[in-house]
1. Using the heavy atoms of the protein chains and a 1.4 angstrom probe, tell me the accessible area per residue for segment 177-325 in square angstrom.
2. How far, in nm, would the chain grow between Glu189 and Arg16 when pulled straight, counting 0.36 nm per residue and subtracting the alpha carbon separation?
3. How much accessible area per residue does segment 3-172 have, in Å², with a 1.4 Å probe?
4. If you project the alpha carbons of the chain onto the principal axes, what extent comes out on each, in Å, largest first?
5. On a full-extension model of 0.36 nm per residue, what is the gain between Met86 and Met1, subtracting their alpha-carbon distance, rounded to one decimal in nm?
6. With the dipole of the chain worked out from charges on the C-beta (+1 for Lys and Arg, -1 for Asp and Glu) around the Cα centre, which of Val17, Pro87, Leu214 lies farthest toward the positive end?
7. When only Cα pairs under 8 Å and 6 or more residues apart are kept, what is the percent relative contact order across segment 3-172?
8. Using a 1.4 Å probe on the protein chains only, how many percent of the accessible area of segment 215-282 belongs to carbon and sulfur?
Amino acid sequence: MLRAKIIATGSYAPERVLTNFDLEKMVDTSDEWIRERSGIRERRIASEKEAASDLAYEAAKAAFKRTDIKPKDIELIIVATVTGDMPTPATACHLQHKLGIKKAAAFDVNAACSGFLYGLSIADSFIKSGAYKRILLVGTEVLSRFTDWEDRTTCVLFGDGAGAAILEATDENRGIVSAHIRSDGALWELLHMPGGGSINPPSKESLKKKMHYLKMKGNEIFKVAVRTLENLASRTLVENKLKPSQLSLLIPHQANLRIIQATAERLNIPMEKVFVNIDKYGNTSAASIPIALDEAVRQGRVRDGDYVLLEAFGGGLTWASVLIKW
Ligand code: UT7
């Protein structure tokens, strides 16, 4: 049976660091509030010249450095993002051009913070079906450009960055074991950007009403997040006849340290087995899991044969979990 194996990872964080203390000077907030409520200390902000595909390009380049596979070997490029270069064409096409890849299909996935795991699920299906052998998947976000820097309920949470994974077909007994994706469109209003689409196209009015910024009902998402993540992650483990103790590492979407801790507790996974880097990057939406995965690999926290569980939750609402045998 063909399986999709991640053969290389890479990530990129823009140079500019914005600390909680910097934010204290911008809105009515405090370092203490942000750390206690979210676990974030600082986040990265893209330079004016950097678009989502530029961050994606750096992350992809880092991944290609760690494998013999060349960009020309890639048959499919998937980019997960909600802050793409432009509404059309896809950021994946911009990335394809930057990487000089001629013969490949390219498209974007919009599943907010679950985007990278949706992408893994799609890549897994394409590889299992035999349609493609080598796929580049990137999660990239420039959330700083769609953040209302006067809204303290959102601006302290988000950050910019990108993470990439190169997947290859293998007939070894390793790679993606199972991928589960879910959504509930009835809850779309909890995290959305009202302007710029066909409901509220760009206009003087939409600009005045700040419709081109992300709006979030954080505390409502919080409650749904912990419950649904626990359900889906537990189901993933049960379906694969695995006990939580057999997992080597849980890599959760980095939205809030308290969500991460509550989910780990409900799943009976000790925090030593949970990867956390939210303090450095904040919530980077679709980029959060691939950045964390890349750092976990680089820190030697993921080894051959390990079971690693990835889980995410975000706008849509969407949620997902992916089990990998490394
Ligand atoms: O990426 C996936 C989707 N997003 C998420 O998963 C986000 C999930 N939610 C969260 O992470 C948390 O709900 C937040 C970190 C956003 C907020 O934490 P909370 O404990 O749920 O706080 P809250 O929204 O209930 O607000 C508590 C208080 C409020 O004041 P009152 O009404 O109690 O007087 C807020 O106005 O904190 C106030 N507040 C702030 N105070 C200082 C809200 N933002 C700030 C701030 N600084 N930045």
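The values are calculated or read from the model by the stated rules, or taken from the named source; none is laboratory data. The structure presented is a predicted model; accordingly, all values stated were derived computationally and were not measured. Every residue, glycine as well, gets a Cβ built from its backbone with ideal geometry; the counts of neighbours run over all protein chains shown. Only protein heavy atoms, including side chains, enter the accessible area calculation; ligands, DNA and RNA are left aside. Shrake-Rupley method; radii C 1.70, N 1.55, O 1.52, S 1.80 Å.
1. Values: 6810 Å² over 149 residues.
So segment 177-325 comes to 46 Å² accessible per residue, rounded to a whole number.
2. Value of the extension gain: 59.2 nm.
3. 43
4. 55, 46, 36
5. 26.7 nm
6. Value computed over the given set: Pro87.
7. So the answer I get is 35 percent.
8. 51
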